[in-house]
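Take a look at the structure below.
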Amino acid sequence: MNSNSFVMESRPHESGTKHVSGYANYIDDIIEPEGTLYGAIGYSKKAYAIIKKLDLREVWKSEGVVSVVTSADIPGRNDVGAVHDGDPIFPKKAEYFGQPLFAVAATSTELARKAVLKAKIFYKTLKPVIDIKEALRKKLFVLKGRKIKRGNPSKKINKAKNFLKDSFILGSQEHFSLEGQIAFVIPKEDNDFKVYSSTQHPGETQQIIAKMLNQKNNTINVEVRRIGGGFGGKETQSFIFAAICTLLSKKTKLPVKLRMDRDDDILITGKRHDFHSDYEVGFNNRGVIEGVKIKLASRCGISPDLSGAINSRALLHIDNAYYLSDVSVENYLCKTNTSSSTAFRGFGGNQGMMVIENIIDNVASFLRRDPAEIRKINFYQKNRKNITHYGMKIEDNVINEIFSKLIKSSNYKNRRLNIKKFNVKNKYLKKGLAITPVKFGISFTTRHLNQAGALVHIYYADGSVHVSTGAVEMGQGTYTKIAQLVANELGLPFNKIKVSSTRTDKVPNTSASAASSTTDLNGAAAINAVNKIKENLALFVKRKYKVKSDKPVYRNSMVKFKGKTFLFNSLVKEAYLNRVSLSSSGFYSTPKIHFNNKTFLGRPFLYFCYGAAVSEVLVDTLTGENKILRVNILHDHGRAINPAIEKGQIEGGFVQGAGWLTIEEVNWKSNGELTTHSPSTYKIPAVNDMPEKFNVEIYKNLNKENVVNKSKTTGEPPLMLAMSVFFAIKDAIASVRNYTKIPKLNSPATPEAILLSIKNLTNKL
């Protein structure tokens, strides 16, 4: 790599100005061809029922309706499950409230939405299972769970000086992307279809549609320029909307747009898995965990979707940053009559991490010690206690350094003393302080997904560069960073690089933009393509000018060989005139990773991201209201490609995590109806929920692995930094009893949950 200034440089997001000015084009902004129709979905009003009759006669008669589609109109596979079947496009039996049953195409969105309401659906109502505990009792599972074990935790727990046993609940979370689910399909000649989909996975979207239509993949071209947020909610959940939209387009032979209303969007789509956990832990008087047994049960909804991989990642991250010598974890993937739970930023890792952090926190409370001390004493070390429970050696551990540095820089110890003094003086307002670590593994745990392709063109006329990859730009700045990487490799100004829409006819077989691997994979693929073009140029120079072409330097729009220097524009023009290829595909596959799903042993991750956060909160013990006063973050993202974008990701991830753990609450009625399905019933963090003081510092560190620019990702790991907010609230609650009792607090820590925790604590007098 050439030492140009285009990486490690804080550049604006390539669409930043367009985002804030309204000029960024999303799917709903695409100019619609004449004759475009608009779709709407009719869905089940029962959580579990046999559909005895679907009477759509009045729907057909409704104003503006051009077509109606049901399962009978599907020529191929009636399922959008990416890994397993179980997510029918239109089912014969309703299995959750909000499940699509049919769809219409009409001359306007309003008329389409009015039309679906005229359906007469006759049900034979069955008793739904909504609750995780009920699913456990009835042994209803979407997939078989697993149990992993290291050492002899039962023996260690029995011999331990101290013992705790309890349960912990983690709530669900709605993705609530600013751009909701949407698809726009234009039929082409030869029964081809151009599909615009707000999806994180264009390649799988292509495959799902092709299977549904019983057509070849090469007849479906999926394009994504940008999506207005995904967070995992458009990894698989977007498939059904793209499929239905394409089905309507095929039947009508006209362009069709399907844009979901916010309420319907939330009702139909899956959420973050909520978890119930039970644990037993044995520990010594110093707070060292000697044995721990954990049971995890998650609400998976009606189908597996991605639950297998998500629950596996929860098991892989049950340790967070702690060495667990003797541990057993078993999980249960519960089937419930709710929408299929799906990917969400963290992908199960954060749920596992919260369980062990709660255990650590309770151990500290039991021993009446500062939780920071108990956390530190249980950390992985560099040359010992460095093998995970799944057999991976940790070779890049910096958590001890980050933790110690942040304790010092945030003035943690003095603030803790001052907060205790504050709490003594104030009867109803209580402050809390907590520091929590993050160790998060980076790579897809499904090995074959760790690959990416790219296509790079250099245009000889002006030396400009066009890049296409499998990466989806969803606000995280991956287009900007890939352009910076390519500019750096070619020694060109940033404005000479253009990263185009993600298209399946340009870069095939793409993996999802997920798992915090998008830039790692696609950036490396783009560099691979660039290097192939540079090899072509080097051979040309060597052949024509008889100069050594080893390691030419690309810098400042110049290319320097030994004994010969060219202007970049001149070189590529001359190469073109001599019939040298200025275009190439690129490919990258993540090295070193291997994992045996049967034994649950191996190396599922290329590297780890580390970080820590200190959060200070204020809790009103009379109302349960709370405020984040101050946050200090120290996060490791290697040698940053774009520090400004990375910092934005850290801040955004933290706030989203705080929302999950304190504000955002998903609730179902006993009949399976989702009650929190609109902005009026589901609260996400707003400006007032931001920390009053928000200090983010980057830990200077190089990625030890051969990743682009020696950087580390900032996609998912920052969300887990918000664990510090939850435990700061728990710390404030503990002060009500002068830290003599262990508070029982489940997530999210809403005002109601806080008041309940205080009530339970004070009733133990």
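Readers should treat all values here as calculations from the given coordinates under stated rules, not as data from a laboratory. Everything numeric in this text was worked out from a predicted model, so none of it was measured. Cβ atoms come from the backbone with ideal geometry, glycine included; neighbour counts cover every protein chain shown.
Amide H to amide H, with H built 1.01 Å from N, Ser67 comes under 5 Å of Ala105, counting only residues 5 or more places away or on other chains. The local environment of Arg259, defined by Cβ-Cβ distances under 11 Å, has a net charge of -2 under the rule Lys, Arg +1 and Asp, Glu -1. Taking trypsin sites (Lys or Arg not before Pro) across the range 220-290, the ones in a DSSP loop with at most 13 further Cβ atoms lying within 10 angstrom of their Cβ are Lys253, Arg286. Once backbone amide H atoms are built at 1.01 Å from N, Lys439 has Ala321 as its partners under 5 Å, excluding neighbours fewer than 5 places away on the same chain.
Using the Cβ of Ser500 as centre and a radius below 9 Å, the other residues enclosed give a net charge of +4, where K and R count +1 and D and E count -1. Bridging of Lys194 to aspartates and glutamates at a Cα separation below 17 Å is possible for Asp28, Asp29, Glu32, Glu34, Glu204, Glu223, Asp505, once same-chain residues fewer than 8 apart are set aside. Note on Asp263 and Asp462: the extension gain reaches 66.7 nm, defined as 0.36 nm multiplied by sequence separation minus the Cα-Cα distance.
Which trypsin sites (Lys or Arg not before Pro) in the range 591-656 sit in a loop by DSSP (not H, G, I, E or B) and have at most 10 other Cβ atoms within 10 Å of their own Cβ? Of the trypsin sites (Lys or Arg not before Pro), the ones in loops of the range 591-656 whose Cβ has at most 10 other Cβ atoms within 10 Å are Lys598. In this structure, the residue pairs whose Cα-Cα separation is over 19 Å, taken from Lys431/Lys730; Lys61/Lys114; Lys376/Lys712; Lys133/Lys155; Lys216/Lys532; Lys165/Lys385, are Lys376/Lys712; Lys133/Lys155; Lys216/Lys532; Lys165/Lys385.
For the chain, which span is the longest to avoid every loop-located (per DSSP) member of GluC sites (Glu not before Pro) having at most 14 other Cβ atoms inside 10 Å? No qualifying site falls inside 64-394, the longest such stretch. Calculate the FRET efficiency for His19 and Asn162 from the Cβ-Cβ distance with a Förster distance of 56 Å, rounded to the nearest 0.05. Given R0 = 56 Å and the Cβ-Cβ separation, E is 0.60. For the chain, the mean residue ellipticity at 222 nm estimated from helices alone is -9000 deg cm²/dmol, where every DSSP H run of n ≥ 4 contributes -39500 (n - 2.57) and the total is divided by all residues, rounded to the nearest 500. For a straight C-alpha distance cut-off of 18 angstrom, the aspartates and glutamates reachable from Lys405 (same-chain residues fewer than eight places away being disregarded) are Asp370, Glu373, Asp396, Glu616, Asp636, Glu697. About its Cα centre, the dipole of the chain is roughly 2520 debye, where the only charges are +1 on Lys and Arg Cβ and -1 on Asp and Glu Cβ.
Here the Karplus curve 6.51 cos²θ - 1.76 cosθ + 1.60, taken at θ = phi - 60°, turns the phi angles of the range 694-708 into couplings of 10, 10, 10, 10, 9, 7, 6, 7, 9, 5, 6, 8, 7, 9, 3 Hz, with x standing for Gly and Pro. Stokes-Einstein, applied to the Kirkwood radius of the range 355-479 over Cα pairs at a viscosity of 1.306 mPa s and 10 °C, places its translational diffusion at 81 µm² s⁻¹.
Here the 3J(HN,Hα) profile of the range 407-422, calculated from phi with Karplus coefficients 6.51, -1.76 and 1.60 at θ = phi - 60°, is 4, 6, 5, 8, 6, 4, 5, 5, 5, 5, 5, 5, 5, 4, 5, 4 Hz, Gly and Pro shown as x. One compactness figure for the range 657-748 is 1.50, namely its Cα radius of gyration divided by 2.2 N^0.38 Å. Computed from backbone phi with θ = phi - 60° and the Karplus coefficients 6.51, -1.76 and 1.60, the 3J(HN,Hα) list for the range 734-742 is 4, 5, 4, 10, 6, 6, 9, 10, 8 Hz; x is used for glycine and proline. So which trypsin sites (Lys or Arg not before Pro) in the range 86-122 pass both tests, a DSSP loop state and at most 16 other Cβ atoms within 10 Å of the Cβ? Taking the range 86-122 and a limit of 16 other Cβ atoms within 10 Å, the loop trypsin sites (Lys or Arg not before Pro) found are Lys92.
With the cut-off at 1.5 for a/c, could you classify the range 1-144 from its C-alpha gyration tensor as rounded, prolate or oblate?
Values: a/c = 2.78, a/b = 1.38, b/c = 2.01.
Taking the square roots of the gyration eigenvalues as a ≥ b ≥ c, the range 1-144 is oblate.
Remark on Gly145: its backbone amide H falls under 5 Å from those of Leu333, a criterion applied only to residues 5 or more positions apart or on other chains, H modelled at 1.01 Å from N.
Consider all pairwise Cα distances in the chain and report the whole-number % of them above 49 Å. It works out to 20 percent of all Cα pairs. Summing Lys and Arg as +1 and Asp and Glu as -1 over all other residues whose Cβ lies under 15 Å from the Cβ of Lys93 gives a net charge of +4.
When the C-alpha to C-alpha distance is required to be over 32 Å, the pairs from Lys147/Lys271; Lys393/Lys647; Lys425/Lys693; Lys92/Lys683 that qualify are Lys92/Lys683.
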